[in-house]
Structures are given as structure tokens and as C-alpha cells.
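In what follows, a single structure is set out as C-alpha cells and then discussed.
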Amino acid sequence: GAGVSQSPSNKVTEKGKDVELRCDPISGHTALYWYRQSLGQGLEFLIYFQGNSAPDKSGLPSDRFSAERTGGSVSTLTIQRTQQEDSAVYLCASTAGTGTQETQYFGPGTRLLVL
Amino acid sequence: QQQVKQSPQSLIVQKGGISIINCAYENTAFDYFPWYQQFPGKGPALLIAIRPDVSEKKEGRFTISFNKSAKQFSLHIMDSQPGDSATYFCAASRWGVGTSGSRLTFGEGTQLTVNP
């Protein structure tokens, strides 16, 4: 596709349930980032992928959060046993990964509400 | 640790006026300073960016001023228009140190409203 896409666009779940959020980066982009945007807050880094590897997972807030990337393309962020404080917009961004400082292109985000 | 602080939290200007948003950073290793614009329901989009080897960068009505010694940078929007009403985020990153790629550290955001 022409841009970064994310699905679902909105997700409402009950506390304690697991959720999966999907990111499709721009075709050919090897670097992928997940961020979280809580209400009225800035964006908080979660995890960085280069290809299928995640060299930086330092932003994941707890072991309930995990992410994977397959085929150097699609990435899935999984939140297990969701809590109300997990409610936020989860944003994905990608770059070409050419080895220099690059523009990050963001998707529209997934708005997660945990009841 | 909050590494990038942004102010003001909200800003209201009249059409044709100048909007100014300020950011301060702590980590002197940062070497890239972008500003992102975000409309409701959309992801952030790069507006303009600067590297620390220059003190100013201008693109159309948007200018970044950068003060390396003060560890501050600001966004100026000249001739502000109602269509500029959005949330603006400053950010900073350092490329390639360790394994962090070019992860961005964001400010808290400024909600700009331009009245017609």
C-alpha cells in the first residue's frame, strides 16, 4: 500500500482479555517502530524492529506486552490480560532502514479501550 | 525521565498571527529534531526537521530555530491559518547508537487552535 496501515482502527475489550494489534508498514521498509499515545500525552516508544529482529524492546511496559514481525513486513503487538491503564492509541511507524537518520511514517493508529 | 519538554500545552492564535511552540531537551547526544503535526483521528506526520549543525531551517510558513548551547528548539508558524489547527509534537533522536535505530523521544504535544 501507499502508507502504513493498522488494524483494527478501534478495539474495545474487557479487562483481562488478550488483544492483538496489527501493523502493515510501507512496502520495502525494513525498520518498524511501535509507540503508545495515552490521552493528552506525547508518544511513548515501545519497540523497534529491524527486519524480523527486535534489537530494542526497552519501551515495553510489562511482560504482558509482546510483539513480533514476520517476513520483514507485518508486525503484531499483543497485550495479554489487558488492564484499564492499557487504554491508549497504539501507533506504528516505518522507515526504509537505509542506515541513516530517516523520516518515520506513521499509521493512523489503533484506539484501544479496556473496560 | 522526561527527556523532551514541550510548551505550551495549548495555544490559541488569530488567523494571520504567529504561533510559537518551544521544546527543551536533556540528552546532548540527540542529533535529529523533527516536528510532527497530528490531526484528530490521524497518525502524526512529519512537518519539518533540523540537525544541530544549523541554527534555523525554514520551509514555507514553518521555521525551526535551534539553540544548541541552551538545548532548546522551537517551531514558528507564520501567517497561521485555521487549517493549521492540530496537535504539534516536537521530538528528538540519535541515530544508530547501540540498537535503538532512530527511535523518537517526543514532547507532550501542543494543541494549536487558529481562530478565523
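The values are calculated or read from the model by the stated rules, or taken from the named source; none is laboratory data. Quantities reported herein were computed from a predicted structural model and do not represent experimental measurements. Using ideal geometry, Cβ is built from the backbone for each residue, glycine included, and neighbour counts are taken over all protein chains shown.
Filtered by the rule that a residue be under 13 Å from the mean Cα position of the chain (by Cα) and more than 8 Å from chain B (Cβ to nearest Cβ), the range A:106-115 gives A:Thr110, A:Arg111, A:Leu112. Selection within the range A:84-105: residues that are farther than 19 Å from A:Asn52 by Cα and outside any loop (DSSP other than H, G, I, E, B). The member of this set that is farthest from the other protein chains (Cβ to nearest Cβ) is A:Gln84. The set of residues from the range A:22-40 being within 20 Å of B:Pro40 (Cα to Cα) and touching a residue at least 40 places away in the same chain (Cβ under 8 Å) comprises A:Cys23, A:Trp34, A:Tyr35, A:Arg36, A:Gln37, A:Ser38, A:Leu39. In the condition set (1) over 18 Å from A:Pro8 (Cβ atoms); (2) assigned to a loop (DSSP other than H, G, I, E, B); (3) within 14 Å of another protein chain (Cβ to nearest Cβ), A:Arg81 is compliant with all but (3).
Against the conditions (1) more than 9 Å from every other protein chain (Cβ to nearest Cβ); (2) closer than 15 Å to A:Thr103 by Cα; (3) hydroxyl-bearing (Ser, Thr, Tyr), A:Ser66 satisfies every one except (2). Of all the numbered requirements in (1) surrounded by fewer than 19 Cβ atoms within 10 Å (Cβ to Cβ); (2) assigned to a loop (DSSP other than H, G, I, E, B), A:Arg111 misses one, and that requirement is (2).
Does A:Thr76 fit the bill of being more than 14 Å from chain B (Cβ to nearest Cβ), part of a strand (DSSP E or B) and among the polar types (S, T, N, Q)?
Details: more than 14 Å from chain B (Cβ to nearest Cβ): yes; part of a strand (DSSP E or B): yes; among the polar types (S, T, N, Q): yes.
Yes; evaluated as a whole, the condition is true for this residue.
Among the residues of the range B:14-56, those that are touching a helix residue (DSSP H, G or I) at 6+ places or on another chain (Cβ under 9 Å) and either in a strand (DSSP E or B) or under 25 Å from A:Trp34 (Cβ atoms) (or both) comprise B:Ser19, B:Gln37. If you go through the range A:63-85 and keep only what is within 25 Å of B:Ser93 (Cα to Cα) and at pLDDT 95 or above, you end up with A:Phe65, A:Ser66, A:Ala67, A:Glu68, A:Arg69, A:Val74, A:Ser75, A:Thr76, A:Leu77. Restricting the range B:22-42 to residues that are away from chain A (no Cβ under 13 Å) and under 11 Å from the mean Cα position of the chain (by Cα), the residue that is surrounded by the fewest Cβ atoms within 10 Å (Cβ to Cβ) is B:Asn22. Entry remark, the range A:1-60: residues being within 9 Å of chain B (Cβ to nearest Cβ), buried (at least 19 other Cβ atoms within 10 Å of the Cβ) and in a loop (DSSP other than H, G, I, E, B) number 2 in total. Could you tell me whether the range B:46-67 includes any residue that is in contact (Cβ under 8 Å) with a residue 40 or more places away in the chain, more than 12 Å from chain A (Cβ to nearest Cβ) and either aliphatic (A, V, I, L, M) or buried (at least 17 other Cβ atoms within 10 Å of the Cβ) (or both)? No: the range B:46-67 contains no residue that is in contact (Cβ under 8 Å) with a residue 40 or more places away in the chain, more than 12 Å from chain A (Cβ to nearest Cβ) and either aliphatic (A, V, I, L, M) or buried (at least 17 other Cβ atoms within 10 Å of the Cβ) (or both). Would a scan of the range B:75-84 turn up a residue that is more than 11 Å from the chain's Cα centre (by Cα), in a strand (DSSP E or B) and without any contact (Cβ under 8 Å) to a residue 40 or more places away in the chain? Within the range B:75-84, not a single residue is more than 11 Å from the chain's Cα centre (by Cα), in a strand (DSSP E or B) and without any contact (Cβ under 8 Å) to a residue 40 or more places away in the chain.
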